[in-house]
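Notes follow once the structure below has been shown.
The values are calculated or read from the model by the stated rules, or taken from the named source; none is laboratory data. Keep in mind the model is a prediction, meaning the values are calculated, not measured. Counting neighbours? That spans all protein chains shown, and the Cβs are built from the backbone with ideal geometry, glycine included. When the accessible area is computed, the model is the full protein with side chains, heavy atoms only, and any ligands, DNA or RNA have been set aside. Shrake-Rupley method; radii C 1.70, N 1.55, O 1.52, S 1.80 Å.
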Amino acid sequence: MAFQNGFLWGGAIAANQVEGGLHEGGKGLSVADVAKYKPLVDVKDYRAHNAISLEQIEEAIHGEDEWYPKRRGIDFYHHYKEDIALFAEMGFKALRISIAWSRLFPRGEEELPCQEGVKYYLSVFEELKKYGIEPIVTLSHYEMPLDLALKYNGWTSRKMIDYFLNFVFSCFSNFGEYVKYWLNFNEIDSIIRHPFTSGGIIPELCENGNVRQCAYQAAHHQFLASAYAKMLMEKLFPDAKMGCMLTKLTTYPRTCAPEDVAATQQMNLENLFYSDVMVFGEYPKLMLQRLKNEGIEIKMCEQDAEILKDGTVDFVSFSYYMSRTESVDPKMERVPGNTIVGVKNPYLESSAWGWQIDPVGLRISLIELYDRYHLPLMVVENGMGAKDVVEENGHINDRYRIDYFKEHFLEMEKAIDMGVEILGYTSWAPIDLISASTNQMSKRYGFIYVDQDDEGNGTLKRLKKDSFYWYRDVIKSNGKSLHEQE
Ligand code: BG6
């Protein structure tokens, strides 16, 4: 069976990790713009990278741009034509982008969007259209206006729904004619792992310092905002589709000891809780009980149940980088992953950042999600952060990246053969960009190399890696080249 005709092969980027241009077009500071590069922190210690206090935010507001790499990104703001041309050269059918909320609404509370921001995104959409590249647009990818975080403790406040919907309305009315696929919140489940980045939650502003209470309340507001956004989209553009977006952290028990299996089951239920709400339009009973047992009480209004039911999503999208392993044995060695720490799986290799590479886990995830939700799926992030070496003649041999993708694509193909419906695949990321968790540039994901180091030095020149040509062939043959002898 393999990949269907019209399979959306492409790549995924996020505004806050590529655009730069902080001081242009009237853009305001977002939560991403205060994420500091910390060279001396263990890069695998994501907690140290994500920790934030009011003092650090204050320091950032007045701080030098050079310490805040997401303010410069890879200067996609000025290079988007060149970059989109390169994506087109690879044959991209789709590009996943996000719209920076603070580029349209610098402080978040304005009534009308900033016209320069609108103009910029219109030119990006026009450029994509020129090459027949389908945009897949994330409404919220870790980039809420900083002012909303400071003033309301972000998504903890129900007020956020109105501000967000004003932004969403502006996205739909200005860009709706270009966009068929919208995604609501990037990795919505991540709010519990990095509440500031995902929800603008500042620990000091949480009552009794109870960040978990704030994070689940914020998730509730995001669920409602997603449902409202879906209903609005349906009304304005009935042919468009809205998907939810999950970090798929498929977790295995380290042993078949029932206690390990039981602990693993809880982790998987927590991971699926977020998509359950957005697909089924209601909270899973077990999760509600679990929160209650933990003393967490989510404040809900009478109409919320109906809103969630009326605004369910059309498809499920997710990121998949690695699987996670769990054990109740505290002596087990633990290794880092995508903003998580898990038990080391002895059957898997790790990337240079310690994430355990598991292509079969992608197949398992696809089957699990399709079987659970009966909705089309989209893999909207998958890739490998690595240190690339540019040879003297400019050549970049990234065989390891090709191997990573090849193995994942073959597993995706197996899932399709088993009946899973996949609309498309966008790699993270088709071009090197600033890492979300570590703010490094040296953690490279792209098929395209960008000449810039962690401190922001470099020419910003774009270079094609070996994987560029390899991915181009995969897309051109709609996956058939995966079976050819290399
Ligand atoms: C995903 C995020 O979790 O992982 C991206 O949606 C992020 O924004 C990607 O860049 C890879 O993580 P990192 O920390 O290596 O950039």
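Numerical summary
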item: In range of the label at residue 469: residues from the stretch 421-462 whose backbone nitrogen is under 17 Å from the point 7 Å along Cα→Cβ; result: 447-449
item: Highest average packing first - 56-66, 80-90, 217-227, Cβ atoms within 10 Å; result: 217-227, 80-90, 56-66
item: Mean separation of Cα contacts under 8 Å, 6 or more apart, over the residue count of the chain: relative contact order %; result: 18
item: With DNA, RNA and ligands ignored, accessible area of residue 3 (1.4 Å probe; Å², nearest 10); result: 10
item: Distance in nm between pseudo-label sites at residue 107 and residue 177 (7 Å out along the Cβ direction from Cα); result: 3.3
item: All-pairs alpha carbon distance profile, the stretch 359-414, 5 Å steps from 0, percent; result: 4, 16, 21, 19, 13, 10, 7, 5, 3, 1, 0
item: Partnerless Cys - the chain, beta-carbon criterion under 4.7 Å; result: 114, 171, 244, 256, 301
item: Accessible-area order (highest first, 1.4 angstrom probe) of the listed residues 110, 127, 116; result: 116, 110, 127
item: C-alpha center-to-center spacing [the stretch 216-235, the stretch 62-122] in angstrom; result: 24
item: Solvent-accessible area per residue, Å², over the stretch 309-400 with all protein chains present [probe radius 1.4 Å]; result: 43
item: MRE, 222 nm, helices only [DSSP H, n ≥ 4, -39500 (n - 2.57), over the chain, to nearest 500]; result: -12000 deg cm²/dmol
item: Simple label model, 7 Å out from Cα along Cβ direction - residue 372 to residue 158, nm; result: 2.9
item: J(HN,Hα) series, the stretch 170-176, from Karplus relation 6.51 cos²θ - 1.76 cosθ + 1.60, nearest Hz, glycine and proline x; result: 5, 5, 5, 6, 8, 10, x
item: Gyration tensor (alpha-carbon) shape descriptor, the stretch 241-365, a/c threshold 1.5; result: oblate
item: Ratio Rg/Rh, restricted to the stretch 388-483 and using Cα atoms, in which Rh is the Kirkwood radius; result: 1.03
item: For the stretch 152-169 and the stretch 409-474, distance of Cα centres in Å; result: 32
item: Computed accessible area, residue 333, all protein chains, 1.4 angstrom probe, square angstrom; result: 110
item: Cut-off under 5 Å, modelled amide H: who pairs with residue 335 long-range; result: 342, 343, 344
item: Virtual paramagnetic centre 7 Å along Cα→Cβ of residue 453, amide N under 19 Å, in the stretch 24-47; result: 37-43
item: Fraction of the pair-distance distribution of the stretch 96-139 above 14 Å, Cα-Cα pairs, percent; result: 53
item: Segments 299-307, 192-200, 208-216 sorted - mean Cβ within 10 Å per residue, highest first; result: 192-200, 208-216, 299-307
item: Apportionment of accessible area to carbon and sulfur, the chain, percent (1.4 Å); result: 52
item: Three-way shape call for the stretch 135-259 based on the alpha-carbon gyration tensor, with the a/c threshold at 1.5; result: oblate
item: Binned Cα-Cα distance frequencies in the stretch 1-126 - 5 Å width, integer %; result: 2, 9, 17, 19, 17, 13, 11, 7, 3, 1, 0, 0
item: Spacing of the two label points (7 Å from each Cα toward its C-beta) at residue 483 and residue 81, in nm; result: 4.2
item: Mean Cβ count within 10 Å, highest first, over the residues of peptides 4-14, 231-241; result: 4-14, 231-241
item: Linear extension gain, residue 270 paired with residue 347, 0.36 nm per residue minus alpha-carbon span; result: 25.3 nm
item: Listed residues 139, 205 arranged by accessible area, highest first, probe 1.4 Å; result: 205, 139
item: Enclosed volume per residue, in Å³, of the convex hull spanned by Cα atoms of the chain; result: 146
item: Ranking by accessible area, most exposed first, for 472, 444, 72 with a 1.4 Å probe; result: 472, 72, 444
item: Vicinal HN-Hα couplings computed from phi for the stretch 445-459 (Karplus, 6.51 cos²θ - 1.76 cosθ + 1.60; Hz; Gly/Pro x); result: 10, x, 7, 10, 8, 10, 6, 7, 9, 4, 8, x, 7, x, 8
item: Accessible area per residue, Å², the stretch 160-249 with all protein chains present, probe 1.4 Å; result: 31
